[in-house]
1. To the nearest 500 deg cm²/dmol, what mean residue ellipticity at 222 nm is calculated for the chain from DSSP H runs of n ≥ 4 alone, each contributing -39,500 (n - 2.57), summed and divided by the residues?
2. Seen from all sides and averaged, what is the projected area of the convex hull of the Cα atoms in the range 97-190, in nm²?
3. Would you be so kind as to identify which of L283, F118, S338 lies farthest towards the positive end of the dipole of the chain, taking Lys and Arg as +1 and Asp and Glu as -1 on Cβ and the Cα centre as origin?
4. Can you give the convex hull volume per residue for the Cα atoms of the chain, as a whole number of Å³?
5. Let me understand the range 276-366 better: what is its radius of gyration from the alpha carbons, and its Dmax, in angstrom?
6. Please identify the trypsin sites (Lys or Arg not before Pro) of the range 5-72 that satisfy two criteria: DSSP loop assignment and at most 13 other Cβ atoms within 10 Å. Which are they?
7. Give me the dipole magnitude in Debye, nearest 20, for the chain about the Cα centre, with unit charges on the beta carbon: positive for Lys and Arg, negative for Asp and Glu.
8. If you put +1 on each Lys and Arg Cβ and -1 on each Asp and Glu Cβ, how big is the dipole of the range 81-173 around its Cα centre, in Debye rounded to 20?
Amino acid sequence: MIVIAGGGVIGLAIARALALTGSEVCVLERHGRCGTETSTHNSGVIHAGLYYPAGSLKGRLCVEGREQLYAYCTQENVPHVRCGKLVVAQADELSELERVAGLAKGAGATIELVDQAFVAVREPYVRAAAALWSPDTGWLEAEALVRALQADVERHDGHVLVGSPLVAVEPAPAGLIVVTPQERIEAELLINAAGLYVDDVSRLAGGDDLRIYPCRGEYATLTAGASALVRGLVYPVPHASGHGLGTHFTRTIGGEVWLGPTVHYVDDKQDYERDRAPVESFLEPARALVPDITLADLRLGGTGIRPKLHPASERFADFLIRRDSRNPYVIHAAGIESPGLTACLAVGEMVAGLAGDGLRSAVCGE
């Protein structure tokens, strides 16, 4: 039995990849249903791979996973759309736009540098001196993806145990005993895909000293009357000195328009609401992209928390996907923030490959 700690899109995608190889898998999810944290508290964007450093796992797995995810959504009837995305720049941001274009080309993403006339046709209310057009960016309904992955795991004889937090990990002659309040499960391997709690799981398993820095993202939404001001996905140019991709617009298939996320490091992994930014704070970033938006057009939206591997003083940390250096029966999939949703199937395949290597190494006593 291979046990996966965490029933978000990453844990479920790993379980699916392992189940497809014939492995016996069991997913432990602490909540009463899967995917209730980072997996469904995000923009739902299928990223094309524009922003990530050359050679990074984020860049490689995003590009690999993107087309896999589009195909999977079509196969499993997950609502999605390949709508494309504009990354818009004002006159003083053209050098930053060129920097992003260089990253995108280096990662193998398809992009086109476009002018004001192109932007005006697609997004008549957006202000831009120039923009990058990414035709392969899209959007999906994240909750539907979670349901599809869980059903896929179960269809291939995998087990998904909800309401089953991991509370202890004990050594065993040929692996581990994974303990929940209800079960004691003999495991050949433990896959740590616990999102915000991967550091806690590693500690319980006597594994590497990981640390997650919870980072809250907050959203506003446009009122129904103002939603026509944005037709698709509109992003500002992310600056090299800043965090994240910038506060951007996301239009869902249902016609809602979200603005966000912000970047706010918090101490509590469950702190979704305390000291939230007022709706007024969204007006300036909204008007920087769409000048016609007024305060009356904005309402506070949802929030989510990213499981970052770096503190606020740093700008980038890659996905951490590897065997634990202390416990040979543990594999980590940690720090899976954006573009984790896009990359989930590619992450699943990578971890399944490591799991096969891990089982062989354990048997050989390496």
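1. Taking each H run of at least 4 residues, the total per residue is -9000 deg cm²/dmol.
2. Details: hull surface 45.6 nm².
Its average projected convex-hull area is 11.4 nm².
3. F118
4. So the per-residue hull volume is 128 Å³.
5. When restricted to Cα atoms, the range 276-366 yields Rg and Dmax of 20.7, 66 Å.
6. none
7. Roughly 340 debye for the chain.
8. My answer is approximately 180 debye.
The values are calculated or read from the model by the stated rules, or taken from the named source; none is laboratory data. This is a predicted model, so every value here is computed, not measured. A quick note on method: Cβ atoms are made from the backbone with ideal geometry, for glycine too, and the neighbour counts reach across all protein chains shown. Protein only, heavy atoms only, side chains kept; ligands, DNA and RNA dropped before computing areas. Shrake-Rupley method; radii C 1.70, N 1.55, O 1.52, S 1.80 Å.
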